[in-house]
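For reference, the structure discussed in these notes is given below.
The values are calculated or read from the model by the stated rules, or taken from the named source; none is laboratory data. Treat the numbers as computed from the prediction; the structure is a model and nothing was measured. Because the Cβ atoms are built from the backbone with ideal geometry, glycine has one as well, and the counts that use them run over all protein chains shown.
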Amino acid sequence: MNFFKKNWFFLLLAALLVVFLSVPDLRNFVKEQINNSASLKKVENEVTFTPEEMNLQLKGVNVPDANLADFKDKVVFLNFWGTWCPPCRAEFPSIQKLYDSKKDKVQFVLIAMQDQEASVRKFLAENKYTTPVYLAKTPIAEKMLPKSFPTTYILGKNGRILKKEEYASDWNSDSIHQFIDTVSK
């Protein structure tokens, strides 16, 4: 009896080890948890643009030139679009309305892709759009590069992707306004 009192901790540990080794599902669960912790860092990297990826020189079409990295401490509405793209043109009025009401809380960066500056200027003037529009002067990071048009990211401070939408959306919805109010605090 004295042996059990003195060594209860080691006996309990040995019993747990026997259970762990003899139950394959438990062993697999523990392995999965260890692998998941390593993959969390990978996920974090996939949902955040690095400072290098944010270093994108922008030529302003209706605003001064900038660098996307200049907005690292702000919430950014980043949209890739083109005048040649019907869904892009269709969503632009809702972006303009969102810009009109949220420009004090969010930095808007709309990057015209595969477009001529003259075409972009004409489109903005004809529609009286004032949302900041740029052309990329340096290559866009692969992770940021859109696979379809339009593609929009709402980035938190320091480049974290808070929302990503591919294809046209209604950006002037109540849910988007509430989302922006929440993330821009």
> So which residues in the range 61-100 are within 22 Å of the chain's Cα centre (by Cα), closer than 23 Å to Y167 by Cβ and of a type in the set (S, T, N, Q), if there are any at all?
Replying inline: N79, S94, Q96
> Say we look at the range 139-165 and pick out the residues that are closer than 14 Å to I95 by Cα and not hydroxyl-bearing (S, T, Y); which of these is surrounded by the fewest Cβ atoms within 10 Å (Cβ to Cβ)?
Replying inline: E165
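A quick yes/no check of all residues on (1) out of contact with any Pro (no Cβ under 8 Å at 6 or more places or on another chain); (2) more than 20 Å from L155 (Cβ to Cβ); (3) modelled with pLDDT under 95:
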residue: F29; (1), (2), (3): yes, yes, yes
residue: E32; (1), (2), (3): yes, yes, yes
residue: A38; (1), (2), (3): yes, yes, yes
residue: L68; (1), (2), (3): yes, no, no
residue: V76; (1), (2), (3): yes, no, no
residue: W81; (1), (2), (3): no, no, no
residue: I111; (1), (2), (3): yes, no, no
residue: A125; (1), (2), (3): yes, yes, no
residue: K128; (1), (2), (3): yes, yes, no
> When the range 123-142 is examined, which residues are found to be in contact with a helix residue (DSSP H, G or I) (Cβ under 8 Å, 6 or more places away or on another chain), among the polar types (S, T, N, Q) and more than 11 Å from N62 (Cα to Cα)?
Replying inline: N127
> Which is out of contact with any Ser or Thr (no Cβ under 8 Å at 6 or more places or on another chain), outside any loop (DSSP other than H, G, I, E, B) and closer than 23 Å to G60 by Cα, of V109, V120?
Replying inline: V109
>> Any residue that is assigned to a loop (DSSP other than H, G, I, E, B) and polar (S, T, N, Q) - is there at least one of those in the range 141-150?
In response: yes
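Yes or no, residue by residue, for (1) outside the structural domain of S175 (by TED's automatic domain parsing); (2) more than 25 Å from Q178 (Cβ to Cβ); (3) hydrophobic (A, V, I, L, M, F, W, C):
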| residue | (1), (2), (3) |
| --- | --- |
| Q57 | no, yes, no |
| A69 | no, yes, yes |
| S101 | no, no, no |
| K122 | no, yes, no |
| K137 | no, yes, no |
| Y153 | no, no, no |
